[in-house]
1. I need the peptides 402-414, 57-69 ranked by packing, meaning the mean over residues of other C-beta atoms within 10 angstrom, with the highest value on top.
2. Under a 10 Å cutoff between Cα atoms, tell me which one of 212, 381, 32 has the largest fluctuation in the Gaussian network model of the chain.
3. Which order do 377, 242 take by accessible area at a 1.4 Å probe, largest first?
4. What is the sum of charges around residue 37, taking Lys and Arg as +1, Asp and Glu as -1, for the other residues whose C-beta is under 14 Å from the C-beta of residue 37?
5. Amide H of residue 99: which non-local residues (sequence gap of 5 or more, or other chain) have their own amide H closer than 5 Å, using H built in the peptide plane?
6. Mind ranking 53, 287 by accessible surface for me, highest first, 1.4 Å probe?
7. Check the straight Cα-Cα distances from residue 251 and name the lysines below 28 Å, setting aside those fewer than 8 residues away within the same chain.
8. Which peptide among 243-250, 348-355 comes first, and what is the full order, when sorted by highest mean count of other Cβ atoms within 10 Å?
Amino acid sequence: MSNQQQRSFFFNVDWLTVLLYLVLCAIGWFNIRAAVYAPGHSSLIDTSTNYGKQFIFICASLVVAIVILLLESRFIAALAPAFYVIVLLLLILVLIIGRNVGGNQAWINMGGGFRLQPSEFAKLATCLLLARYLSGTNIRVTEPKSFMMAAGIIGLPMLLILRQPDMGSTLVFCSLIFVLYREGLSPYFLVIAGLFIALFVMALLYNPLYIILTLVAITALVVYWGRRNRKLITTMVIGLGICIAFIFSVKFIYSKVLKQHQTERINILLGITTDLRGEGYNVNQSKIAIGSGKLWGKGYLHGTQTQYSFVPAPSTDFIFCTIGEEWGFVGSITVIGLFMFLILRVIYIAERQRSPFTRVYAYGVASVLFFHVVINIGMTIGIVPVIGIPLPFISYGGSSLLNFTILLFVLIKLDSNRMGII
């Protein structure tokens, strides 16, 4: 390797993306401190506190990031299958010896107060293997065999994580449908997915008979307008039958498949029930905390809702409440803007690639980040059910921070070699 090639590591790194990462990590660290602040632990690096541990996690993640940037790009792609298998084994292992935290058997105790959450690294492993497969020769996601293989790569870790059970982490993998869409999957799949979500919600809110009559009327109109098109008529009739069957299955899914706390959270979200002292307590206190921040916030370390434990998990799943209360609307919009800028930057990086592997992987990174940001912030303001997933780079947690760091810096490394083909 020539000296110019060796030095290209420093010249081709997307430093803007690195800067966004560092800013978000810093925001996370300071707000974790604000969420759990106690006068007796005023030091910024107090390892007995969550923010002290997070500082260690950030330092460790930066070391890992530097190591990744020193690796050979081809080495990363070559290791994708092995890494995927290792993560699957860890997901099986956690079901056997894992520690149960918050009702999920998702952690492996590493000693010294540190725990490993394999489901976090499953997102990285799946993105890598999916990119490896879809970038292969003669692989077209529009073909049934290729689609089923890609679906299997995504679905296998989902099934294992669902056994923990961790519904939040399981749903994250659904975001990878956007990767398949970018690689040629018909947009009808997205439309169909949206239709079934809408039918599920409507079946909970309204009489199923009214919904079915509406669907029959719509189908009849479409069939009448396209009565000379037999393929359209057949498709509409079959689709109507599937929709009716799904509507009748909603009650079974709701009562037999979903757990009680999940159905209660959905009921509260949809306004079917009100339980401000039970399942609705978290979201209600979250909205109070964010609303109390008003335009400019109460000021750093002056949050009352979070520091006095009115808001549960203020340094992890509900850390956006801390931001909203202490930094107000302006601070909240700034953080959301930084995330949107990062995601758009990742998409921009994806589109400038010559390597199909890097492009597919980049879209996987963008999809995972987008899902985490939208769902985490959405649940704190009460527009999506509480499913318990971290806010990338900001929520407290070593596994989460390390996974998102590796996820992003693998992309940065692959992008630094964008003039080559992997």
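The values are calculated or read from the model by the stated rules, or taken from the named source; none is laboratory data. In this text, all values refer to a predicted model and were calculated from it rather than measured experimentally. We place every Cβ from the backbone using ideal geometry, glycine too, and count neighbours over all the protein chains shown. Areas reflect the complete protein model, heavy atoms only, side chains present, ligands, DNA and RNA absent. Shrake-Rupley method; radii C 1.70, N 1.55, O 1.52, S 1.80 Å.
1. Working: 402-414: 23.5, 57-69: 16.0.
Going from most to least packed, we get 402-414, 57-69.
2. 212
3. Values: 377 15, 242 90 Å².
Putting 377, 242 in descending order of accessible area: 242, 377.
4. Working: positive: 33, 298; negative: 46, 325, 326.
Summing Lys/Arg as +1 and Asp/Glu as -1 gives -1.
5. Under 5 Å from the amide H of residue 99 lie the amide H atoms of 106, 107, 108, 109, each far enough along the sequence or on another chain.
6. On the way: 53 60, 287 100 Å².
Highest to lowest solvent-accessible surface, that is 287, 53.
7. Once the sequence-local lysines are set aside, what remains near residue 251 is 259.
8. Numbers: 243-250: 15.1, 348-355: 16.9.
Highest-to-lowest ranking by the protection proxy: 348-355, 243-250.
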